[in-house]
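Q: Dumping the structure here so I can ask a few things about it.
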Protein chains: 2
Amino acid sequence: MKIKDIGEFGLIERIHTKAGRSSYPVVIGIGDDASVLDVGPRNQVVTTTDMLVEGVHFLRESTDPFDLGFKSHAVNLSDIAAMGASPAQSFLSFGLPAEMDVETIDTFMDGFLMAGEGVPLSGGDTVASPDKWVISVTVIGLAPSGRVLRRDAAAPGESIWLCGPVGDSAAGLSILLDQTSTVNDQDARFLIQRHNRPLPQVRMGRILLEAGISSCAIDVSDGLLQDLGHICKRSQLGAELDLERIPLSGPIKELAAANVVDPYTWALKGGEDYSLLFTVKPDNEKKLLTVLEREEIEAVPIGRTVPGKGIVVLKNGSPIETGPDGGFDHFRKRP
Amino acid sequence: MKIKDIGEFGLIERIHTKAGRSSYPVVIGIGDDASVLDVGPRNQVVTTTDMLVEGVHFLRESTDPFDLGFKSHAVNLSDIAAMGASPAQSFLSFGLPAEMDVETIDTFMDGFLMAGEGVPLSGGDTVASPDKWVISVTVIGLAPSGRVLRRDAAAPGESIWLCGPVGDSAAGLSILLDQTSTVNDQDARFLIQRHNRPLPQVRMGRILLEAGISSCAIDVSDGLLQDLGHICKRSQLGAELDLERIPLSGPIKELAAANVVDPYTWALKGGEDYSLLFTVKPDNEKKLLTVLEREEIEAVPIGRTVPGKGIVVLKNGSPIETGPDGGFDHFRKRP
């Protein structure tokens, strides 16, 4: 049996089954945005790691090393944000062709460190790679003992909120891939920037945890439908989304209109926005609104959790067909 | 300027310079076997990460996936051991060609988990890789607050100890590469096993820390001379090694005699033994001997730290020439 036969999630499931249980103080292992380790009375250690491979995640010729450095750090910081933790230190491992310019690495590092906003690079590894550039990033965060935002902690009857835009990154990518004609340079730059330099919602995540507003969050990396699907599966519930409440940026609307495509396809199925999706119990909604106003953070309600399973998307109150729910699997070919 | 012009250590230095300082509670960043993060009154978090690339660290055709899994975990556990910490959780990221057999990964996982002796696999990443298999492992350990075994904590006048054999791994590798003719199958298997399944000295590291016997250790991954050199440089001192006290296994002596080579070349310059090298103040030597006997661990004194810098190897009390001090740099070609 080949890896492509079982796909990324099949492979993870298979490894997960082997990983077993132990007496070590691991509160959350495989299966959430990050792992959680109990280390004593004050803090928990929240850890996430991601790998990027040249030719799969990026093309060396067409990628700005600064953006690559920025994004490779940002996506890990986003996982820490999705747990409600504060990033404390980062690790960076490189597999590098010996012929690469040192200046390329310098520029990569500048982007990497800018995304971290002061999170110290505390270690890593540098090894030779025959031809492809490989990047592996690990970020460790801290959260107060006993509390993190978990994928499996939603209950029916909660409202679903989104902090940060969705769809922009996929729209930016379609411009980069010349699949979409642009209307004006400014909009194009905006959308490409959303794709190249996603902003992890670290402050929102921490506030949700510290103010006790939410106990369930995920970052939108695979796509809104797929990531909400992860929450539904792990929390054993269903969800309804109100299509017209999903926030769209001005540039994505312009781009969609000019290309006669539905911007909600990008918004529902496009990945890599790294917005924060979270659920809120009715009792906490007032507190959330107060905090959003005080902290000047924008987040909007886009639906609600319901008993049962599956996600229903409502357009003006009526269910619409969304097709196979998209997202990105590293090994299966998309239909 | 190309990466090969400045070499691995030049590149690390360059990245280190950029990494900067911060207000985060990172006790040790880049430059030791692992990083140390202060997380509260009870524990410190000790983190290390390593990357392995097919074609550089291993050849897929000639590598047993079980051994590869074992070793990729063991080398990281060894870094945790070198800090005196206890491993708490591991992370494993894969870059995998989609054509690979799932059974290969299963076997890899069996080896990986066996090396960990119960340390839970708590996360990671699985991504596609165009052709080369890439493995990135991160291990997080815990150590009591305020204490770890540091490379920069040795002082002149301490004895230098070695726990675990040196040279066996390099000898095993030379057999695998057909550079050395073997005497008998049993010895060959022994040495190859030392290369393929190194045993991290986790128990020794923890005991050294907990019993307050040592404050300085490193694992022998680059080679005895080079790793002792790291301690000397970071602790700003020199060292003398007594060649005849460096322990050699029976099989390495047999192999060297049959091939008319000096086994001490392997012992001094061969890497990947993952033995533990540590220093002990005169006042603590008696305590160490008591602990070694009680715990049935073998460790031997092989020299001493001295003021100044550089390493002198003494054979029957007289300095000998050891040439460029060897070890492995991922980007520079060996002379």
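Each value in this text was obtained by applying a stated rule to the coordinates, not by laboratory testing. Remember, it's a predicted structure, so these values are computed and weren't measured experimentally. Heads up, the Cβs are rebuilt from the backbone with ideal geometry, glycines too, and the neighbour counts pull from every protein chain shown.
Q: Run the label-point distances for A:G55 please: 7 Å along Cα to Cβ, every other copy, nanometres, shortest first.
A: 0.6
Q: Over chain A, what is the relative contact order in percent, taking alpha-carbon pairs closer than 8 angstrom and at least six residues apart? Working shown, then result.
A: Numbers: 732 pairs, mean separation 73.4, N = 335.
That works out to 22 percent.
Q: Determine which aspartates and glutamates satisfy two conditions relative to A:K4: a Cα distance under 17 Å, and not lying fewer than 8 residues away in the same chain.
A: Qualifying aspartates and glutamates at Cα under 17 Å: A:E13, A:D329, B:E99, B:D101, B:E103, B:D106, B:D125, B:D131.
Q: Would you please give the residues with an amide H less than 5 Å from that of A:W133, counting only those at least 5 places away or on a separate chain, with H modeled from the backbone geometry?
A: So A:W133 has HN proximity to A:E54.
Q: Same structure, new question: How high is the relative contact order of the stretch B:17-130, in percent, with contacts defined as C-alpha pairs under 8 Å that are six or more residues apart?
A: Working: 147 pairs, mean separation 28.4, N = 114.
Once divided by the residue count of the stretch B:17-130, the mean separation gives 25 percent.
Q: If you don't mind, another one. Taking the Cβ of B:I105 as the centre, find all other residues whose Cβ is under 13 Å away and add up their charges (Lys, Arg: +1; Asp, Glu: -1).
A: On the way: positive: A:K2, A:K4, A:R14, A:K18, B:R60; negative: A:D5, A:E8, A:E13, B:E99, B:D101, B:E103, B:D106, B:D110.
That sum, taken over residues with Cβ under 13 Å, equals -3.
Q: If you don't mind, there's one more thing I want to ask. I'd like the mean, over residues of B:108-120, of how many other protein chain beta carbons sit within 10 Å of each residue's own Cβ. Show your work: numbers first, answer last.
A: Details: counts 1, 5, 1, 0, 3, 4, 0, 0, 2, 1, 5, 3, 12.
Mean shielding by partner chains, rounded to a whole number: 3.
Q: Which one, A:V56, A:A88, A:I12, projects farthest toward the positive side of the charge dipole computed for the stretch A:1-92 from Cβ point charges (K/R +1, D/E -1)?
A: Of the listed residues, the answer is A:I12.
Q: Run the dipole for the protein assembly as shown about the Cα centre, Lys and Arg Cβ at +1, Asp and Glu Cβ at -1, nothing else charged, and hand back the magnitude in debye, nearest 20.
A: Values: 64 positive and 92 negative charges, 280 e Å.
In total the dipole reaches around 1340 debye.
Q: Still on this model: How far, in nm to one decimal, is B:E321 from itself in the other copies if the label point is set 7 angstrom along Cα toward Cβ? Shortest first, please.
A: 8.3
Q: Nearest 20 debye, what's the magnitude of the dipole of the stretch A:81-151 about its Cα centre given +1 on Lys and Arg Cβ and -1 on Asp and Glu Cβ? Kindly include the intermediate steps, with their values, before the conclusion.
A: Values: 4 positive and 8 negative charges, 159 e Å.
Using Cβ point charges on Lys, Arg, Asp and Glu, the stretch A:81-151 gives about 760 debye.
Q: Looking for one value pair here: nearest-to-axis residue in chain A (by Cβ) for the rotation onto B, and the distance in whole angstrom.
A: Axis relating chain A to chain B; nearest Cβ residue and distance: A:S136, 2.
Q: Using a simple spin-label model with points 7 Å from Cα along the Cα→Cβ vector, what separation in nm is obtained for B:E296 and A:L289?
A: 7.0
Q: One decimal, nm, shortest first: give the distances between the label point of A:G118 and those of the same position in the other copies, each label point 7 Å from Cα along Cα→Cβ.
A: Those label-point separations list as 4.1 nm.
Q: Further question: Pick from A:D79, A:D101, A:D110: which is most flexible by mean-square fluctuation in a GNM of chain A where alpha carbon atoms under 10 Å apart are linked?
A: Answer for the Gaussian network model of chain A: A:D101.
Q: May I ask you to list the GluC sites (Glu not before Pro) in the stretch B:90-122 that are in a DSSP loop and have at most 15 other Cβ atoms within 10 Å of their Cβ? Walk me through the numbers before you get to the answer.
A: On the way: sites: B:E99, B:E103, B:E117; in loops: B:E99, B:E117.
Loop-located and lightly packed - B:E99, B:E117.
Q: Residue by residue, what Karplus-based ³J(HN,Hα) values in Hz, rounded to whole numbers, does the stretch A:39-46 have, using 6.51, -1.76 and 1.60 with θ = phi - 60° and x for Gly and Pro?
A: 10, x, x, 9, 10, 10, 9, 10
Q: If you build a Gaussian network model of chain B, linking Cα atoms that sit under 10 Å apart, which residue out of B:K286, B:K18, B:K309 swings the most?
A: Taking springs between Cα atoms under 10 Å, the residue moving most is B:K18.
Q: What does the charge dipole of chain B about its Cα centre add up to, to the nearest 20 debye, if the Cβ of each Lys and Arg holds +1 and the Cβ of each Asp and Glu holds -1? Write out the running numbers ahead of the final one.
A: Values: 32 positive and 46 negative charges, 275 e Å.
Dipole about the Cα centre, nearest 20: 1320 debye.
Q: Taking every residue in A:4-16, how many Cβ atoms of other protein chains lie within 10 Å of its Cβ, on average? It would help to have the intermediate numbers written out before the result.
A: Working: counts 7, 3, 1, 2, 6, 1, 2, 6, 4, 0, 5, 11, 2.
Per residue, the average neighbour count from other chains is 4.
Q: Here's a follow-up. Which entries in the list B:K18/B:K281; A:K233/A:K269; A:K253/A:K281 go over 28 Å, if you measure between the two C-alpha atoms of each? Don't skip to the answer; put the middle values down first.
A: Details: B:K18/B:K281 36 Å; A:K233/A:K269 17 Å; A:K253/A:K281 31 Å.
In this structure, B:K18/B:K281; A:K253/A:K281 lie more than 28 Å apart at Cα.
Q: Would you list which aspartates and glutamates come within 19 Å of A:K287, measuring only between C-alpha atoms, while excluding same-chain residues fewer than 8 positions from it?
A: A:E158, A:E210, A:E295, A:E296, A:E298
Q: Counting only other residues whose beta carbon sits under 13 Å from that of A:A74, what net charge do I get with K and R as +1, D and E as -1?
A: On the way: positive: A:K71, A:R194, A:R197; negative: A:D50, A:D67, A:D79, A:E117, A:D219, A:E272, A:D273.
Once all neighbours under 13 Å are counted, the net charge is -4.
Q: Rounded to the nearest 500 deg cm²/dmol, what is the calculated helix-only ellipticity per residue at 222 nm for chain B, with -39500 (n - 2.57) per DSSP H run of length n ≥ 4?
A: Roughly -11000 deg cm²/dmol at 222 nm, from the helical runs in chain B.
Q: Turning to a different aspect of this structure: Return the single residue from B:S249, B:S78, B:S318 with maximal mean-square fluctuation; model: Gaussian network over chain B, springs between Cα atoms under 10 Å.
A: Comparing B:S249, B:S78, B:S318 in a Gaussian network model of chain B, the most mobile one is B:S318.
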